[in-house]
Amino acid sequence: MRKYNPSTPSSAVPCLMETWHLSESELYHWLLKHTNDPQLSFDLLQDTFLKALQQEQDFCDILNQRAWLYRVTRNLLVDRQRKANQEQNLPLLDYEPLWVEQEVYAIDSLAQCIPKALNKLSPSESQIIQQCDLQGMSQQSFASEHGLTIVATKSRIQRARKKLKTILQKQCHIQFDEQQRVCCFFKE
């Protein structure tokens, strides 16, 4: 792993800061729940942030950044516990965050509804969602390939996403948590 050099500007800061803003409070409360020590929780939180900063641009390439932050936080807590318990030979506790399991289950289950919902979109709406959101084509490439301007492409994908969200909410009865993440749904 590369060492973090504070004098080197980090291109990961914008994507890191967005994810950090959404995760920091949850991480702190999760740590506080497991440590019952506000200062230790804060220290581990700061260590997690530093580890994320060390990733630089690689952080932006992480598929599930929130899960990565939880995994790093959990590992730091376990390492701290191991160090503290070495002299006392106490058993280690398992700190797997519950939300990670729930979120993965909800997203995996929701994948069953997406093909049906895509079929309810117009062919052009379905095409832009499939190529840009599901297959990872850049919007610029999509625009070039289909003879559109980037502005028209951005507008088209936003309309298609909004329509898809409405269909998924009706078809799968999606429910969102307080961070607007999919928490659960019910198939018809």
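Taking a quarter of the surface of the Cα convex hull of the stretch 13-96 gives a mean projected area of 5.5 nm².
Extension gain for the segment Ser25 to Arg80, taken as residue separation times 0.36 nm less the Cα-Cα distance, is 17.8 nm to one decimal. Rounded to the nearest 20 debye, the dipole size of the stretch 13-96 about its Cα centre is 220 debye, using +1 on the Cβ of Lys and Arg and -1 on the Cβ of Asp and Glu.
Bear in mind that the values in this text are calculations on the coordinates, not laboratory data. Not measured: the values here are computed from a predicted model. Please note: Cβ atoms are built from the backbone with ideal geometry, for glycine as well, and neighbour counts cover all protein chains shown.
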